[in-house]
1. For the range 115-120, just list the computed ³J(HN,Hα) in residue order, Karplus coefficients 6.51, -1.76 and 1.60, θ = phi - 60°, integers in Hz, with x standing in for Gly and Pro.
2. Give me the lysines in straight-line cross-link reach of Lys340: C-alpha distance below 29 Å, same-chain residues under 8 apart excluded.
3. Please provide three numbers in whole Å: the alpha-carbon extents of the range 300-347 along the principal axes, with the largest listed first.
4. Give me the percent of DSSP beta bridges within the range 23-333 that run antiparallel, rounded to the nearest 5.
5. So if R0 is 30 Å, what FRET efficiency would Glu322 and Leu40 give, r being the distance between their Cβ atoms, rounded to the nearest 0.05?
6. Within the range 54-71, which residues have the backbone N less than 16 Å from the label spot 7 Å out from Lys309 along Cα→beta-carbon, could you tell me?
7. Could you work out how much longer the chain between Phe16 and Ser68 gets when fully extended? Use 0.36 nm per residue separation minus the Cα distance between them, nm to one decimal.
8. Through the Karplus equation 6.51 cos²θ - 1.76 cosθ + 1.60, θ set to phi - 60°, convert the phi angles of the range 220-236 into ³J(HN,Hα) values in whole Hz; use x for Gly and Pro.
Amino acid sequence: MASKTKKTVVDVKEQFKAVADQFELVQILNEKGEVVNPDLMPDLTDEQLVELMTRMVWTRVLDQRSISLNRQGRLGFYAPTAGQEASQLASHYALTKADYVLPGYRDVPQMIWHGLPLTKAFLFSRGHFVGNQFADDLNVLSPQIIIGAQIVQAAGVALGLKKRKKDAVVITYTGDGGSSQGDFYEGMNFAGAYKAPAIFVVQNNMFAISTPREKQSAAATLAQKAVAAGIPGVQVDGMDPLAVYAVTKFARDRAVAGDGPTLIETMTYRYGPHTLSGDDPTRYRTKELDGEWELKDPIVRFRTFLEAKGLWNEEKENAVIEQAKEEIKTSIKEADATPKQKSIRSS
């Protein structure tokens with residue numbers, strides 16, 4: 001008599017596949033700047049598209065100048081942002097001034113575009129207390145240095161907005177390394193349980209400082225970590241500003257409608273080091289990998305798209321670059337003119 005094949009308790013491979021298959025990458029613009037998913041095209045006017053590009057170019061200049069100022073000894077701590085402009089600025093562009101931004105230390109650009117004066121951003125980098133003195137109507141918290149701690153804070157702020165019946169959301173950012181922290185799970189779980197209006201953005205730039213993404217978690221995607229918290233998760237092409245905007249707008253609409261939080265994983269890349277505090281990316285990244293991601297540059301991709309629509313040209317871009325340089329020059333002078341902090345000795 002033939003023996004029957006014993007059924008396993010769980011088909012592990014099928015279970016993992018069923019979960020991972022739900023998190024396909026959302027993309028609207030491909031690497032050539034072509035629209036590949038017109039059904040997801042966000043409802044943005046020509047003026048809004050130009051404004052988003054302006055912010056991205058301006059921020060790329062800020063990154064370049066900040067690196068130079070750091071090397072001159074005129075800035076303190078700095079985490080480069082080049083490559084992550086779409087992930088940072090297109091997500092922020094889907095917000096309103098009433099929304100709250102809880103940044104990590106790489107997310108100073110979102111703070112600036114939310115209303116933080118550039119001079120204060122420079123003072124924050126220098127560790128000056130004035131850099132953490134925000135206007136009462138600026139809905140921003142200071143950049144969190146402790147990895148992932150802003151996730152728990154975001155859950156609390158979001159619950160406060162819900163209890164006060166505010167038509168606003170909280171957005172918070174961390175990197176792929178932050179998604180391995182206990183605070184990440186605790187914050188998402190809390191927000192999910194109370195349907196708090198929060199948006200959790202994991203900017204997956206593939207390396208938590210120097211640790212490759214595949215060594216951080218056995219999960220096929222970081223977006224699927226939302227499942228354990230009972231909230232939706234989305235993986236999006238983080239080098240595609242239109243896709244990032246569309247996904248964030250979707251998450252914000254859900255949150256203000258009372259449907260709770262969303263986890264967004266943006267697939268992106270930082271072209272520079274983790275920070276300028278001694279990190280050397282050549283020790284853990286290859287030239288081939290750098291070259292592969294340079295072809296996905298969010299500014300190049302968006303520029304191609306806008307030029308095809310007749311909305312952007314070299315003259316406009318140069319004007320933005322020069323404006324950024326002037327504003328940076330003025331702001332660093334203001335930071336230099338700010339009275340130095342005085343040490344206080346206890347008697």
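FYI, it's all coordinate maths here, none of it is from the lab. Small disclaimer: the values here were computed from a predicted structure and weren't measured. Heads up, the Cβs are rebuilt from the backbone with ideal geometry, glycines too, and the neighbour counts pull from every protein chain shown.
1. Residue by residue, the range 115-120 yields x, 6, x, 4, 4, 5 Hz.
2. Reachable lysines: Lys120, Lys325, Lys329.
3. Largest to smallest, the principal-axis extents are 68, 19, 11 Å.
4. Numbers: 3 of 26 bridges.
The antiparallel fraction comes to roughly 10 percent.
5. Details: r = 35 Å, r/R0 = 1.15.
That pair, Glu322 with Leu40, gives E of 0.30.
6. Residues 54-57 qualify, since their backbone N sits under 16 Å from the label point.
7. Length gained between Phe16 and Ser68: 14.1 nm.
8. Coupling constants for the range 220-236: 5, 9, 7, 4, 6, 5, 5, 4, 5, 8, x, 10, x, x, 9, 9, 10 Hz.
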